[in-house]
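The next block holds one structure in the form of structure tokens; read it before the comments.
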Amino acid sequence: MNEFLTYKIYNNEVQDILISLAFIVGAIVLGRLVRWFAEKVLPKLTAKTQTQLDDVLVEVLKAPMLFALTLVGFWIGIKRLTLSANVMTLIGDAYRFLMVISATWFVSRAVSTFINVILKEKVNDESSKMDEHALSLIKKVSSFVIWSIGIITALNNAGVDVGALIAGLGIGGVAIALAAQDTAKNIFAGIMILFDRPFKIGELITIDGTTGYVEDMGIRSTKLRTYSGQLVVIPNYKTADSNLTNITREPARRIELNLGLTYSTTPEQMKKAIDLLNALPKSVDGLEKRVKVYFTSFGDFSLNITCWYYIKKNSDLFETQSAVNLKVLEEFNANGLDFAFPTQTLHVSK
């Protein structure tokens, strides 16, 4: 047994290799225990306190702690072994890179959790100007900035000259710079949208002829879900520069209804048709009281009526229009008012 433990593999005794593995496995087990403690025990303790700071710390420490402890155990285990200078240098650079990534992960989760736990209270406060759209954009912008700084710092700690790396890319560096320019332009446009607040997530808007519900607002683009279910992605700089209509914030939605009656319609019947249309708000839910009805023109094959009615803000747009159309059809049929269809009369002279 002693001979086996003292047997050397690449200048390292077996017992030293086993001890190094024990450090690594022990760090993983310790990390699992810490995570279990943070998930099962700490929430019960922090629930008794009034401050939310401890809840934030518990949420933040779960995943990064396991990763960091595993890295530390791996590093301690590797340092005990006899390895070549090149291998140790490579492992050391990788260790420093991953430790900075771990710290970046911790900071990113801390900021994100802070926004979720602390700032979300302002969203629930009706007097606050903060909303879900603002929270989503703040989280994404902050995460982008934190990870950008973290990756650059990690590369520097690993011995990589980031400036020389970008400069040495040549044409690739120019392409990266151009891509970064577009990204920066979208980020600044997103910040402008955040402060201007022309819409919120879930609202129905129209951007350059595209109408849909705002599904997400990111650091690069705004996503709309159209009536047909298509997902349209619009870069933020285009959203900021385009004509935008917020349909949800309209006090009411005006609908134009054009009807055509046959030329056999009498003046009394025409007056009856106008009265029926003026009475729509009394018989259809979801309409405002104001209605405008006009006998507008003598068409080629019909007597034309134009009716403008207004759907209330919180009423369903399509269901209300359907109810109005059905009511018009029922009332006109009940009163003997005939809708016109394209006809043509030919006069033949002999």
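The values are calculated or read from the model by the stated rules, or taken from the named source; none is laboratory data. In this text the structure is predicted, and so the values were computed from the model without any measurement. No Cβ is skipped: glycine too gets one built from the backbone with ideal geometry, and neighbour counts run over all protein chains shown.
Observations, loosely collected:
- The residue that is modelled with the highest pLDDT, counting only those in region 171-198 that are in contact with a strand residue (DSSP E or B) (Cβ under 9 Å, 6 or more places away or on another chain) and over 14 Å from residue 234 (Cα atoms), is 198.
- If you go through region 240-279 and pick out every residue that is farther than 17 Å from residue 332 by Cβ and part of a strand (DSSP E or B), you end up with 8.
- Cross-chain or 6+ apart pairs with Cβ under 7 Å, region 217-229 first and without any contact (Cβ under 8 Å) to a residue 40 or more places away in the chain and in a loop (DSSP other than H, G, I, E, B), then surrounded by fewer than 17 Cβ atoms within 10 Å (Cβ to Cβ) and aliphatic (A, V, I, L, M): 226/232
- The numbered conditions (1) exposed (fewer than 15 other Cβ atoms within 10 Å of the Cβ); (2) free of Cβ contacts under 8 Å to residues at least 40 places away in the same chain; (3) acidic (Asp, Glu) are all true for residue 250 except (2).
- Of all residues in region 309-331 being assigned to a helix (DSSP H, G or I) and touching a helix residue (DSSP H, G or I) at 6+ places or on another chain (Cβ under 8 Å), the one that is surrounded by the fewest Cβ atoms within 10 Å (Cβ to Cβ): 327
- Residues that are of a type outside the set (S, T, N, Q) and outside any strand (DSSP E or B) were ranked within region 230-239; the one that is farthest from residue 299 (Cα to Cα) is 237.
- Counting only helices (runs of 4 or more DSSP H) that sit wholly inside region 1-112, those with at least 1 residues that are farther than 21 Å from residue 154 by Cα and modelled with pLDDT of 80 or more are 14-36.
- A single entry from 322, 349, 315 fulfils the requirement of being modelled with pLDDT under 90, within 26 Å of residue 202 (Cβ to Cβ) and not aromatic (Phe, Trp, Tyr): 315.
- For region 280-298, filtered to residues that are surrounded by 14 or more Cβ atoms within 10 Å (Cβ to Cβ) and part of a loop (DSSP other than H, G, I, E, B), the residue that is nearest to the chain's Cα centre (by Cα) is 286.
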